[in-house]
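Working notes for the structure below.
The values are calculated or read from the model by the stated rules, or taken from the named source; none is laboratory data. These numbers were taken from a predicted model, which means no experiment stands behind them. Here the Cβ positions follow ideal geometry from the backbone for every residue, glycine too, while neighbour counts run over all protein chains shown.
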Amino acid sequence: MNRITRNGRILECIQGDIARQTDIDAVVNAANAQLQSGGGVAGALHRAAGPGLAEECAPMAPIRPGQAVISGGHGLPNPHVIHCLGPVYGRDEPSDRLLEDCYRNAVRLAESERLRSVAFPALSTGVFGYPMEDAAQVAFRTLLREMPKLEHVELLRFVLFSQTDLEVHERALESLSKEESDHE
C-alpha cells in the first residue's frame with residue numbers, strides 16, 4: 001500500500017529524489033543543527049537550492065532535535081524548505097518522542113503557512129542511525145494523528161531514496177492502516 005486517504009487528506013509513499021518534487025509546496029530537509037549542507041538529504045537539497053539556502057538558514061541556527069523551521073526554496077522547484085533536526089538514535093533520548101516532534105512540528109508549520117503539500121524524507125534514518133522500520137512507524141502514527149486537524153495541507157508525501165526503503169514504508173503504512181480499521 002503506497003497511499004491512504006483520511007478526511008480528504010492524502011498520505012503517500014514514492015521512490016524518488018526529494019530535490020525534484022515539482023508539485024510540492026515544501027520539502028522537508030533532514031537538517032543538521034547548524035542548518036548547513038551535509039551528506040544525504042541535507043547535501044542534496046543544499047546543492048540543488050544553491051548558496052542562498054545556507055545564507056538564509058544561518059541566522060536560524062542552531063536548532064535542537066525535534067524542532068522545525070522554514071525557509072525559502074531558492075533554486076529548488078519548491079517555494080519552501082522545512083528544516084527538521086531528527087534525533088541521533090541511541091544518543092538523543094527519548095528518540096521516538098523527538099522523531100514524533102519532527103513530523104508534528106513540520107506538518108503544523110506547513111499548516112500555519114497555509115501550504116497545500118509537503119514532501120518528507122525518512123528523517124533520522126541515514127547517518128543518525130534510526131532503524132528504518134521503527135522510524136516509519138513513528139512517522140506514520142504521528143502524521144495519521146495530525147491529518148484530521150489539517151485544514152490547508154492536503155498531501156503528505158514520503159519520498160524514499162531506494163526501492164527497499166519504499167517497501168519498508170509501504171509495509172508500515174499498510175500495517176497501521178489495518179490497525180486503524182481493526183479498532184473502528
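Screening residue 14 against (1) part of a strand (DSSP E or B); (2) in contact with a Ser or Thr (Cβ under 7 Å, 6 or more places away or on another chain) leaves a single unmet condition, (2).
Yes/no matrix, rows are residues, columns are (1) free of Cβ contacts under 8 Å to residues at least 60 places away in the same chain; (2) of a type in the set (Phe, Trp, Tyr); (3) out of contact with any Leu (no Cβ under 8 Å at 6 or more places or on another chain):
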site: 130; (1), (2), (3): yes, yes, no
site: 139; (1), (2), (3): yes, no, no
site: 166; (1), (2), (3): no, no, no
site: 171; (1), (2), (3): yes, no, yes
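Within the range 24-40, is even one residue surrounded by fewer than 21 Cβ atoms within 10 Å (Cβ to Cβ), in contact with a Ser or Thr (Cβ under 7 Å, 6 or more places away or on another chain), charged (D, E, K, R) and within 23 Å of residue 111 (Cβ to Cβ)? So far as the range 24-40 goes, no, none of its residues is surrounded by fewer than 21 Cβ atoms within 10 Å (Cβ to Cβ), in contact with a Ser or Thr (Cβ under 7 Å, 6 or more places away or on another chain), charged (D, E, K, R) and within 23 Å of residue 111 (Cβ to Cβ). Determine, yes or no, whether residue 92 is farther than 25 Å from residue 170 by Cα and either touching a residue at least 24 places away in the same chain (Cβ under 8 Å) or of a type outside the set (Phe, Trp, Tyr) (or both). Judged against the criteria, residue 92 is a match. For residue 81, the stated conditions do not hold, so it cannot be described as in contact with a strand residue (DSSP E or B) (Cβ under 6 Å, 6 or more places away or on another chain), buried (at least 22 other Cβ atoms within 10 Å of the Cβ) and either among the hydroxyl-bearing types (Ser, Thr, Tyr) or in contact (Cβ under 8 Å) with a residue 60 or more places away in the chain (or both).
If you go through the range 108-122 and keep only what is touching a residue at least 60 places away in the same chain (Cβ under 8 Å) and assigned to a helix (DSSP H, G or I), you end up with just 110.
So that you can scan it fast, the table gives a plain yes or no per residue for (1) surrounded by 23 or more Cβ atoms within 10 Å (Cβ to Cβ); (2) part of a helix (DSSP H, G or I); (3) modelled with pLDDT under 95; (4) within 15 Å of the chain's Cα centre (by Cα):
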| position | (1), (2), (3), (4) |
| --- | --- |
| 100 | no, yes, no, yes |
| 124 | yes, no, no, yes |
| 137 | no, yes, no, yes |
| 142 | no, yes, no, yes |
| 147 | no, yes, no, yes |
| 168 | no, yes, no, no |
